[in-house]
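The values are calculated or read from the model by the stated rules, or taken from the named source; none is laboratory data. This one's a predicted model, so the numbers in the text were calculated from it and none came from an experiment. Quick reminder, even Gly has a Cβ in these numbers, built from the backbone with ideal geometry, and neighbours come from all protein chains shown. Heavy atoms of the whole protein, side chains included, go into the accessibility calculation; ligands, DNA and RNA do not. Shrake-Rupley method; radii C 1.70, N 1.55, O 1.52, S 1.80 Å.
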Amino acid sequence: GWFPADSVRLRISQEVDEQDVRHQDKGSPRRITIMQRMSTMSGKQRLNPEWVRQKVIEEIINYEEGYVKNLKDVIEGPLKEARLRKDLFNDNQIERLFNNIEELFEFQVQFLESLKNRLKTIVHKSEIGDTFTEYQDKFVDIYSRYCNNHSSALAEYTILNQHMIYTIFFESCRLLKDMESIPLDGYLLKPVQRICQYQLQLKELLKYTTSTHPDHAKVKDAECIMSKVASTVNERKRRTENINKLAQWQSTIEDWRGEDILVKSSIMIHSGSLYKISAGNKQLRRFFLFDKQLVYCRKVLGSGKLQYKGRINLDQCQTVNLDDNSEPGVVNGWKMENRVKNKWIVLFCKKSSDKTAWLDALKEERRQVELDEENNFVIPEAQKQAAYVQVTRSNSTRSKKLNSFFA
């Protein structure tokens, strides 16, 4: 694939003989796994956690230094040269390709310096766990924005690399900076991989940190925190990619009124047909549950399309379960009460299992909203606009193809 094994797995650096060096890529020092290194040691050394802990700490530092160098090479190589080649790249292409990699680089330099400041002369006595805790918010913020954009960067690179002039440009930049034999998209993938590797390295460090070591509790907390950071970044990336689907869904709804779906929502949680009773009228509608709002539509006879009819602001509502027939003719139902407007509607479905699914989904919606508020999750306005632009372009292309077909 794209990466030598030492770029992917946790390794312990070690001197190697000349025969081994001949099989390496230039600039890529051979690394040997902990188990391989320990297999060459005596039984007494293999049982010495202090020796292993020292090697794990050294590897974390070495890995971080190599990672920072990779980021620097991208910035001083292809990014710098792309800015000089106005004939090949415009500002939007550069933004899509490299996003906030310069900010990420500055952060990683600061983080690496903090790690090194924690080192002691006797390495295994070093306490580095709280370094990860100190920077957790920046990890989430900076890596979320980078990872959210990665699919766009990959798509842009793929499009450009189809043209020989760009292939030659990227390869020339790599040779100019004497970078490893990895294409640019491989380098752009490294931050996505790196945010997941911290937890693995901390888990290995914790394994060889005795319970009496002053760093034990800090490393344990750091492992938990970096696991949550990776999960949060991954969830934000998934949610950001999901907004394109929501924008596409809205474009299929006829007579849409009011604010766009992405103003308040970023995920569809549940959908299905429900009977709605409001002001004494019973109507069958198609409901779509998003975070913060419940949208309902009417099927357009003959076309199968959906027509927008209204929405319920879930931040202002509470769900009240209804016993069967507590409201005339209502079975498997519940009431949505708007506390602000002092209004309510009754919803019900045909099966009790459907009611259970809907009530569970409504609870999940509230849980998701609380979690987003706790994690300060917000879809940037620029990404929302980009989603609508992409949908408009997609629909325009589809329309042109149909017109061409029927011409």
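Pairs, please: C-beta under 6 Å, at least 6 apart or cross-chain, first residue of a type in the set (Gly, Ala, Ser) and in the range 125-138, second assigned to a loop (DSSP other than H, G, I, E, B)? Short answer, once both residue conditions are applied: Ser126/Arg118; Ser126/Leu119; Ser126/Lys120; Gly129/Asp215. When you look at Leu301, is it more than 14 Å from Lys276 (Cα to Cα) and either aromatic (Phe, Trp, Tyr) or not in a strand (DSSP E or B) (or both), yes or no? The answer is yes for Leu301. Filtering the range 257-279 to residues that are open to solvent by 20 Å² or more (accessible area, probe 1.4 Å) and among the small types (Gly, Ala, Ser) leaves Gly258, Ser271, Ser273, Ser278, Ala279. Here Phe105 clears all of (1) outside any helix (DSSP H, G or I); (2) touching a Lys or Arg at 6+ places or on another chain (Cβ under 9 Å); (3) open to solvent by 30 Å² or more (accessible area, probe 1.4 Å); (4) not aliphatic (A, V, I, L, M) except the condition numbered (1). Can you confirm whether the range 347-363 contains a residue that is under 22 Å from Met268 (Cα atoms), part of a strand (DSSP E or B) and open to solvent by less than 100 Å² (accessible area, probe 1.4 Å)? Looking for residues that are under 22 Å from Met268 (Cα atoms), part of a strand (DSSP E or B) and open to solvent by less than 100 Å² (accessible area, probe 1.4 Å), one finds at least one in the range 347-363, hence yes.
For the range 156-169, the tally of residues that are out of contact with any helix residue (DSSP H, G or I) (no Cβ under 7 Å at 6 or more places or on another chain), touching a residue at least 24 places away in the same chain (Cβ under 8 Å) and either of a type outside the set (A, V, I, L, M, F, W, C) or open to solvent by 30 Å² or more (accessible area, probe 1.4 Å) (or both) stands at 2. In the range 304-326, which residue that is surrounded by 16 or more Cβ atoms within 10 Å (Cβ to Cβ) and not in a strand (DSSP E or B) is nearest to the chain's Cα centre (by Cα)? For the range 304-326, the residue satisfying everything is Leu314. The number of residues in the range 140-161 being among the β-branched types (Val, Ile, Thr) and farther than 16 Å from Pro78 by Cβ comes to 2.
Within the range 78-99, work out how many residues are touching a residue at least 24 places away in the same chain (Cβ under 8 Å) and open to solvent by 20 Å² or more (accessible area, probe 1.4 Å). Total satisfying the criteria: 5.
Of all residues in the range 254-265, those that are closer than 15 Å to Leu294 by Cβ have Cβ atoms under 7 Å from Cβ atoms of residues that are open to solvent by less than 70 Å² (accessible area, probe 1.4 Å) and of a type outside the set (Lys, Arg), 6 or more apart or on another chain, in Ile261/Leu246; Ile261/Gln250; Ile261/Phe290; Lys264/Gln293; Ser265/Leu246; Ser265/Phe290; Ser265/Asp291; Ser265/Gln293. Restricting Val300, Val330 to those that are in contact with an Asp or Glu (Cβ under 9 Å, 6 or more places away or on another chain), open to solvent by 20 Å² or more (accessible area, probe 1.4 Å), of a type in the set (A, V, I, L, M, F, W, C) and at pLDDT below 95 reduces the list to Val300. Just one of the numbered conditions (1) in contact with a Phe, Trp or Tyr (Cβ under 7 Å, 6 or more places away or on another chain); (2) closer than 21 Å to Ala155 by Cβ; (3) of a type outside the set (Asp, Glu); (4) buried (at least 16 other Cβ atoms within 10 Å of the Cβ) is not true of Val56: (2). When the range 376-407 is filtered for residues that are open to solvent by 100 Å² or more (accessible area, probe 1.4 Å), among the aliphatic types (A, V, I, L, M) and either at positive phi or at pLDDT below 75 (or both), only Ala407 remains.
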